[in-house]
Amino acid sequence: GAGVSQSPSNKVTEKGKDVELRCDPISGHTALYWYRQSLGQGLEFLIYFQGNSAPDKSGLPSDRFSAERTGGSVSTLTIQRTQQEDSAVYLCASSLPWAGEQYFGPGTRLTVT
Amino acid sequence: AQTVTQSQPEMSVQEAETVTLSCTYDTSESDYYLFWYKQPPSRQMILVIRQEAYKQQNATENRFSVNFQKAAKSFSLKISDSQLGDAAMYFCAYRSLYNNNDMRFGAGTRLTVKP
């Protein structure tokens, strides 16, 4: 079936505005992850959802970041009052429960001007 | 905490030749997964190869193979007969078998393939 999809592909926003990034995981994948990748850097874990369990928010860098997952499927990452240091690629991944590999979406490139 | 180290920020290989990318990791767990992901300029992370720690046999996927040394906590990726399309960032990753949200990535190695 279809892979992980993310929208928008690119987002340019002004400092101080709120943004919403969307992730649609592979059907049947109950685990969903958000990562942040700054230019030329590795992946920074943000948040993890598993089924109906409480999410692991330990990687969120500040209270301006939040995420939700509706109906165990689509997830939205919200960044409030964006700052220039929020500029990065935001990657979403999904996996089967207790499976090894994660499958990644194409990412959203966020630019805060 | 588990950490993943890729000591080669950049590597270069001539087309059709072989290159090896290094990765070491630190863990106190005995069972886990290891992965190599490829990220081309399109930024889509693509799984290249996976290895379960309990398997002694090194994983192989076509031109890609690994050298998994569990005692040394080393997990290198060998790319044979390199192709222009292999040019990308390569990330080594560790995932706990027991903690579903514990997946760690190395900083990446940028591979250039020269024609």
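None of the figures in this text is laboratory data; all of them are computed from the coordinates on show. Since we're looking at a predicted model, the values are computed, not measured. Quick reminder, even Gly has a Cβ in these numbers, built from the backbone with ideal geometry, and neighbours come from all protein chains shown.
Are any of the residues in the range A:58-79 surrounded by fewer than 13 Cβ atoms within 10 Å (Cβ to Cβ), hydrophobic (A, V, I, L, M, F, W, C) and without any contact (Cβ under 8 Å) to a residue 24 or more places away in the chain? There is no residue in the range A:58-79 that is surrounded by fewer than 13 Cβ atoms within 10 Å (Cβ to Cβ), hydrophobic (A, V, I, L, M, F, W, C) and without any contact (Cβ under 8 Å) to a residue 24 or more places away in the chain.
Collect the residues in the range A:83-104 that are away from chain B (no Cβ under 14 Å) and either of a type in the set (Lys, Arg) or in contact with a Leu (Cβ under 8 Å, 6 or more places away or on another chain) (or both), keeping them in residue-number order.
Within the range A:83-104, the subset away from chain B (no Cβ under 14 Å) is A:83-87.
Listed by number, the residues that qualify are A:Asp86, A:Ser87.
Number of residues in the range A:80-113 that are touching a residue at least 24 places away in the same chain (Cβ under 8 Å), surrounded by 14 or more Cβ atoms within 10 Å (Cβ to Cβ) and charged (D, E, K, R): the value is 2. Examine the range A:8-21 for a residue that is of a type outside the set (Asp, Glu) and farther than 21 Å from A:Thr113 by Cβ, and state whether such a residue exists. No, every residue in the range A:8-21 fails to be of a type outside the set (Asp, Glu) and farther than 21 Å from A:Thr113 by Cβ. Against the definition (under 24 Å from B:Tyr94 (Cβ atoms) and touching a helix residue (DSSP H, G or I) at 6+ places or on another chain (Cβ under 9 Å)), how does A:Pro55 come out, yes or no? No; evaluated as a whole, the condition is false for this residue. When you check B:Asp102 against the structure, is it within 14 Å of chain A (Cβ to nearest Cβ) and in contact with a strand residue (DSSP E or B) (Cβ under 6 Å, 6 or more places away or on another chain), yes or no? Spelling it out, B:Asp102 is indeed within 14 Å of chain A (Cβ to nearest Cβ) and in contact with a strand residue (DSSP E or B) (Cβ under 6 Å, 6 or more places away or on another chain).
So, restricting to strands (runs of 3 or more DSSP E) that lie completely within the range A:13-77, which ones have at least 1 residues that are of a type in the set (Ser, Thr, Tyr), within 11 Å of chain B (Cβ to nearest Cβ) and out of contact with any Ser or Thr (no Cβ under 7 Å at 6 or more places or on another chain)?
Numbers: elements: A:19-24, A:31-37, A:44-50, A:65-69.
Qualifying strands (runs of 3 or more DSSP E): A:31-37, A:44-50.
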